[in-house]
Amino acid sequence: MFLLLLIFVICLILIVGPFILIGLISSTTKEQNGNYLLVIAHPDDECLFFAPILLSLHSNIYVLCLSNGHNHRSDELRRSCNQLHVKDYKIIDDQINLKDDQSVSWSSDAILGHVKQSIRQWNISTMISFDQYGISGHRNHSAIYYALLNLSKISQLHFLSLQSLPIYRKYFTLFELFRVYFMSNSMRSKIFILPIEYRLTPHKAMFEHRSQLVWFRYLYLLFSCYIWINDFKLIY
């Protein structure tokens, strides 16, 4: 009985703690120049992984989603982007080159074709996406990173990749928040913390993806640090 009570108290602290601690370290909205393009693999990536940066920037932010996730999920993505204050979005349905499948290797040429078109359409200066591990290890996520490396020679174009964390950090949000709290301001330059006024917005955005609300998504929303913090690396 005592063990169950202890587990309950620990879980309660881990869930409630970030809602309290975020008020101590949540920074003011970061002023950034130019237009930003978030390149994701599936509808719901935008709120599961990138909500802190989307809600922290004053700049125009656009989303390019490279698959429809097997289903007709465009409307779910639209509602989620609306929650996250995204200016506009585009969803691609290419079942040959960009099929939503962990076992399928995505075509870099197909990815770059859609990305380049979006860069021209929205006059993009900075791209945001996954790193080589893709946060969750999903091959579709990683494929985007390797494709975007090919755009490094385009002048005045930058690429920020979201850093993958080991599992003990990924689901221990309090540790990550304390780590950021004790950082100097200069070390936080590529870290985006969820603004306190939006502390429930990532959850609201995910609830727009009703077709994806299986049990483990709820656990992710409760414990994942990506709901609260985005740590980026400037690739170029």
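In the list D109, D101, D131, which residue meets the criterion of being out of contact with any Phe, Trp or Tyr (no Cβ under 7 Å at 6 or more places or on another chain) and at pLDDT 90 or above? If you could, list the steps in order and put the result at the bottom.
Details: D101 fails: at pLDDT 90 or above; D131 fails: out of contact with any Phe, Trp or Tyr (no Cβ under 7 Å at 6 or more places or on another chain).
When all the criteria are applied, what remains is D109.
For Q132, are the conditions met, namely being surrounded by fewer than 16 Cβ atoms within 10 Å (Cβ to Cβ), under 16 Å from A41 (Cα atoms) and within 19 Å of the chain's Cα centre (by Cα)? The answer is yes for Q132.
The conditions of being farther than 30 Å from S189 by Cα and surrounded by 14 or more Cβ atoms within 10 Å (Cβ to Cβ) are met by A110. The residue of segment 103-112 that is farthest from D88 (Cα to Cα), among those that are assigned to a helix (DSSP H, G or I) and of a type outside the set (S, T, Y), is D109.
Among the residues of segment 45-60, just one is free of Cβ contacts under 8 Å to residues at least 60 places away in the same chain and crowded, with 22+ Cβ neighbours inside 10 Å, namely L54.
Counting residues that are over 20 Å from L48 (Cα atoms) and of a type outside the set (S, T, Y), which helices (runs of 4 or more DSSP H) fully inside segment 113-186 reach at least 1?
Working: elements: 134-137, 139-148, 167-170, 173-181.
Hits in segment 113-186: 139-148, 173-181.
Among the residues of segment 65-84 satisfying the criterion of being at pLDDT 95 or above and assigned to a loop (DSSP other than H, G, I, E, B), which is surrounded by the fewest Cβ atoms within 10 Å (Cβ to Cβ)? Here the residue is L84.
I111 satisfies every condition listed in (1) closer than 16 Å to L157 by Cα; (2) in contact with a helix residue (DSSP H, G or I) (Cβ under 8 Å, 6 or more places away or on another chain) except (1).
The values are calculated or read from the model by the stated rules, or taken from the named source; none is laboratory data. The model shown is predicted, which means the values in this text are computed figures rather than measured ones. When we count neighbours, we look across all protein chains shown, and the Cβ atoms used for this are built from the backbone with ideal geometry, even at glycine.
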